[in-house]
Amino acid sequence: MGLLEDKVTIVTGAGRGIGAAAARLFAREGAALVLAARSGDEVGALAAELRGQGARAVAVAADLTTAAGADLVVETALRSYGRLDAAFDNAGNGLPPAPLGERAEEDWDAVHALNLRGTWLCLRAQLAALVAGGRGGAVVVNSGVGALVGGFGDGVQQAAKHGLTGLVRAAVADYAPHGVRVNAVAPGVVRTPGTEQFFALGEPFAELVARSTPLGRPARAEEVAQAAAWLLSDRASYVTGVTLPVDGGITATRRFD
């Protein structure tokens, strides 16, 4: 039996990177999937790929910075499978590094609209469905190492990520009585299409990642997905309110030099 056998599971930001890796892993672990992203092309192709392998997967294009978009994803799960059991709220965005004092208001708005407000909107819709279903369930938020420690040139995103830590903790008291667990994963540097622009800078960036990460390398997207899968599964049945570092040891040593 798979880790997520027969669990109806939402994955947001599923078109590429960690989200796509999570979708493929969750499918192998037996989940019935709802794959969501702003653009339907990538998630549509991924859902078709997974169905071709015998998995259950539907795709939905939704703007998760809006309540209508977040609600649509949950409605798709209920319409397609009749219930919701789990969600991996992975959708997020970021900015190239710059000192906090040099950020524009538009930078703050763009990052917080998806990373914090969008995650809250998704959580709100998902938690309501999980409570109404009466079966309990689990949600995992993809946060980041910036939720746990400070760094350089990323203050706007770190503010949003710290907000996610508070959001996760706040959900515990409200929803544990309904059998719903809420946790987060906090990746360090992950090698994805979204971070290739930084690795393309050459050896200085790669050397910085290796030097600042005790395990000496960036994470693979599937390594983050594996942590999320465990937190969503019944094997983590007594774990809630946790922000789990998946960072190769960065937060243990706080090495940002």
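The values are calculated or read from the model by the stated rules, or taken from the named source; none is laboratory data. Quick caveat: nothing in here was measured; it's all calculated off a predicted structure. Glycine gets a Cβ as well: all are built from the backbone with ideal geometry, and neighbour counts include every protein chain shown.
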Checklist entry - Somewhere in segment 141-152, is a residue over 22 Å from residue 27 (Cα atoms) and out of contact with any helix residue (DSSP H, G or I) (no Cβ under 9 Å at 6 or more places or on another chain)? => result yes
Item to check | Lone qualifier among 176, 227, 184, 206 - being at pLDDT 95 or above, of a type in the set (Gly, Ala, Ser) and in contact with a helix residue (DSSP H, G or I) (Cβ under 7 Å, 6 or more places away or on another chain) | outcome: 184
Checklist entry - Inside segment 130-166, can you point out the residues that are more than 18 Å from residue 89 (Cβ to Cβ) and not in a helix (DSSP H, G or I)? => result 134, 135, 149, 150, 151, 152, 153, 154
Checklist entry - Does residue 41 satisfy the condition of being surrounded by fewer than 24 Cβ atoms within 10 Å (Cβ to Cβ), in a helix (DSSP H, G or I) and touching a helix residue (DSSP H, G or I) at 6+ places or on another chain (Cβ under 9 Å)? => result no
Next on the checklist: With touching a residue at least 12 places away in the same chain (Cβ under 8 Å), crowded, with 16+ Cβ neighbours inside 10 Å, farther than 18 Å from residue 157 by Cβ and touching a Cys at 6+ places or on another chain (Cβ under 9 Å) as the only criterion, which of 73, 60 stands out?
Outcome noted: 73
Next on the checklist: For segment 227-241, which positions are in contact with a strand residue (DSSP E or B) (Cβ under 7 Å, 6 or more places away or on another chain) and more than 17 Å from residue 179 (Cβ to Cβ)?
Outcome noted: 227, 228
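Check whether at least one residue in segment 74-83 is part of a strand (DSSP E or B), closer than 23 Å to residue 229 by Cα, of a type in the set (Lys, Arg) and at pLDDT 95 or above, and report yes or no. Steps first, answer last, please.
To start, the set of residues in segment 74-83 that are part of a strand (DSSP E or B) comprises none.
No: segment 74-83 contains no residue that is part of a strand (DSSP E or B), closer than 23 Å to residue 229 by Cα, of a type in the set (Lys, Arg) and at pLDDT 95 or above.
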Checklist entry - Within segment 99-111, can one find any residue that is part of a helix (DSSP H, G or I), closer than 24 Å to residue 244 by Cβ and touching a residue at least 40 places away in the same chain (Cβ under 8 Å)? => result yes
